[in-house]
Structure formats: C-alpha cells, structure tokens
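Here's the structure we're looking at; comments come further down.
The values are calculated or read from the model by the stated rules, or taken from the named source; none is laboratory data. Just so you know, these numbers come straight off a predicted model, no measurement behind them. Glycine gets a Cβ as well: all are built from the backbone with ideal geometry, and neighbour counts include every protein chain shown. Areas reflect the complete protein model, heavy atoms only, side chains present, ligands, DNA and RNA absent. Shrake-Rupley method; radii C 1.70, N 1.55, O 1.52, S 1.80 Å.
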Amino acid sequence: MTLRLSVNPLQPDAGIIAQAAACLRAGGLVAFPTETVYGLGAHALDPDAVARIYMAKERPATDPLIVHIPSLEQLAPLVTAVPPEVVALAQRFWPGPLTLVLPRHSRVPDAVTAGGPTVAVRVPTHPVARALLDAAALPVAAPSANRFSHPSPTRAEHVLQDLEGRIDLVLDAGPTPIGIESTVLDLTSTPPRVLRPGAVTLADIQTILPEAVSGTGVEHGGGAARSPGLLDRHYAPRAPLTVYDGAARDARMRADAERARAAGERLGVLVDTDATALWRTRADVVIALGPTGDETAAASRLYAALRELDDAGVTRILACAPPERGGLSTALRDRLRRAASGQVIHT
Ligand code: TXA
Ligand code: MG
C-alpha cells in the first residue's frame, strides 16, 4: 500500500515531513515534489534502500541516480574534492535545477553511481524537498518517480499511476513548477559538458565556466556511456510520437495528420493554444501546451500532456518543436526529440 499525504507546497506541515523523513531513515521509498519533477527518494548511503528504487522503477542497474542534499555544506562527504568552480556554480545556481557530476567519494554506494567513478548531486529548491532533506538529515538518492521509460511525473497522480503499491509514501504538493528535469553538468570531463539540458541553460553556466559545452559527447566516444540515462527511447508515451521542426512544420504536420486519420489512426496532437480551434476538426484529441512562444508553460505541461494522450487511447501523436532560441527552448526540444525516440521531421 502506498500512502498519499497532501502537503502545502509553500509551507509543508512539519508533522507530515517528519513522518516522511522517518520513512527515509528506515530505508523506505518516498516520492516527493521538486521544482522540476517528482523524485523517488531513498537513503543514498543505504545500498538496500537504493536497490528498492531500481526494483520499483524497473530501472536498469546501469543508470546512475542523482543524490539530493539540502545545501552545499553537505557536498564534501560525497565527493573527493570541492574545487572553487563548484563553489561558484553552487553559489549561483543552488538551490535550483542544476545537477553536478563530480568524482565520487568511496562512501557513496555503487548502487547509486551504477559502479562508476562519478556521482551526480543537486540541491533542489522546492520547499517540500528542502524541508524533507533537512528533516531526514541524509543524502537522498532520487530519480524521477516514474517507471523506466515512462514520462517523468509532474503530479502525485502520475507517481501513483506508475508506482502505486511499490513505494511507501508520496508527498502530494500539486503540480511541479518547471515540469522537466534538471540540467546535468559533467565537471569530470574537459571541457565541462552539459549532458542533459534543463532550466539552467548552457549560457547561464558559461557565465561561470566560459569553456563549458553542450552535447552528450556521443561524437567524442562518450555518449550513452557517460550518462546511460540519456538513451534515446526515454520519457516516451505509449503511442508513437512524431515531432515537426523547421519553417514548414505546420503545413507538413497538417498533411501527415490528414493521412494518419485517413488510415484510421486515432490521432492526438500537441499544439499552441492559439491553434486549438484549427485542430479541433483535424485530430481526435487536441492538447494545448500554452501560448505561442511560451516555453515555460509548454515545459510545465509537456509530460502531463503525454500521459493524457496515452489515457485517451490515441494511436499516433504529432507535435511541433519550438524554434531553437536559447532559454527553455533547448530543453523542450531535447525532451520532445527523446519522447519521439528521434522521430523528428525537419522541414
Ligand atoms: O530534475 C531532476 O534531476 C529530477 C529530480 C527528481 O531531481 N531527477 C531526475 O533523475 O531526473 P533521473 O534519474 O530521472 O535522471 C538522472 C539523469 C540520468 O540521465 C542519469 O543517467 C544521469 O542523470 N546521471 C546520474 N548520475 C550520473 C553520473 N554519475 N554521471 C553521468 N550522468 C549521471
Ligand atoms: Mg528519469
């Protein structure tokens, strides 16, 4: 049985937080909101507790976890050193949606790092996550609280859809504000490399580390080996998704929509709010991601929209990618491409 406890997202009840913290200390699994997505937490220094995360999620043991701590002061015991650039990044971006990959201390279990020489760490800013980390007084390993390869959960309902009966507790604080996962920055490679784009952008990072670059490093022989969680089939809905990119994307998407319905597909589309009227007669399920150009709205709605389309039983999903123009557009384009398993049509 999974217990669901509602908490105020801004001022979480201390009694509920204490209950969740006790569960973590006892080796239990607690799903909790962060500013990005819901995480599935376990005591990071307890290998048995960490093993339960992999079982609940059906996650391959080769995919390492992010360790969550309440502040920079708790970083030192997890890593071999805290160099000045880490302090500078932390002062600028923590608490917040930036994960740092650093050389791991030997006390971090193999189960957390997937046996690798590095550990990923972040300090979340969501008041519920912060209260929980403070109360538990331990590092908390927490991947997104979804089953492996499902879209990340942005609401407690999504956590329960995937993990009901497999975890002890979910703290329900409503929808998570950002909606897509943290930026992952690898500081063990030269130059430092953004392995996963997020709300902290490469340009933001370059204000501290001008030499930082983006990309998983596939082109340098790193790639999936550097961050196994960045495999292409990820964050995926059940129905196949096609993403349209480039100047003629709307026209091409409309033409393909017509063909798909003529072939008997039950069609779902993700579109800008302004385009919903136009799509009403052209698709079976129309989901608005937000006003044109509002990537903040689109990011916060994307994963819930993919789950809604699955629930509505669509057999095909079509979506347009926002143009690349920095900010959240980079992360949004990345998640759309992954959700589409690389099925992107460039017009
Ligand atoms: O926003 C987030 O980061 C959320 C919330 C819950 O904090 N967590 C999250 O965790 O997205 P997860 O496990 O779904 O994604 C972690 C990503 C994976 O792609 C994983 O491969 C990568 O971080 N990662 C973890 N440890 C790593 C390491 N030592 N080296 C390289 N990549 C690592
Ligand atoms: Mg995940």
Within the chain: Cβ-based charge dipole about Cα centre, in debye rounded to nearest 20 (Lys, Arg +1; Asp, Glu -1)
520
Largest-first ordering by accessible area, 1.4 Å probe, given options L138, L318, L278
L278, L138, L318
Hey, can you rank 47-58, 252-263 by average C-beta count inside 10 Å, highest first?
47-58, 252-263
Just to be sure I understand the model, the point goes 7 Å from the Cα along the line to the Cβ. What's the resulting A22 to A203 distance in nm?
4.9
If the viscosity is 0.890 mPa s and the temperature 25 °C, what Stokes-Einstein diffusion coefficient in µm²/s follows for region 279-345 when Rh is the Kirkwood radius over Cα pairs?
194
When only alpha-carbon atoms are used, what values of Rg and Dmax, in angstrom, describe region 21-175?
14.3, 44
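Given the rule -39500 (n - 2.57) for each run of at least 4 DSSP H residues, summed and divided by the residues of the chain, what is its mean residue ellipticity at 222 nm, to the nearest 500 deg cm²/dmol?
Numbers: 11 runs with 107 residues, N = 347.
Taken over the chain, the calculation gives -9000 deg cm²/dmol.
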Under the rule of at least 5 residues apart or a separate chain, name every residue whose amide H is placed under 5 Å from the amide H of T242.
I317, L318, A319
With charges set only on the Cβ (+1 for Lys and Arg, -1 for Asp and Glu), what does the dipole of region 12-112 come to about its Cα centre, in debye to the nearest 20?
80
Counting sequence-distant residues (5 or more places) and residues on other chains, those with an amide H built under 5 Å from that of S6 are D172
How would you rank 24-35, 81-92, highest first, on the average number of other Cβ atoms within 10 Å across their residues?
24-35, 81-92
Measuring from centroid to centroid over Cα atoms, what is the spacing of region 136-156 and region 1-63 in Å?
8
Give me the Kirkwood hydrodynamic radius of region 125-188 in Å, from all C-alpha pairs, to one decimal place?
13.3
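Run the dipole for region 1-65 about the Cα centre, Lys and Arg Cβ at +1, Asp and Glu Cβ at -1, nothing else charged, and hand back the magnitude in debye, nearest 20. List each step's numbers first, then the result.
Details: 5 positive and 6 negative charges, 23 e Å.
My answer is approximately 120 debye.
If you wrap the chain's Cα atoms in a convex hull and average its projection over all directions, what's the area in nm²? Walk me through the intermediate numbers first.
Values: hull surface 67.1 nm².
Mean orientational projected area (the chain, Cα hull): 16.8 nm².
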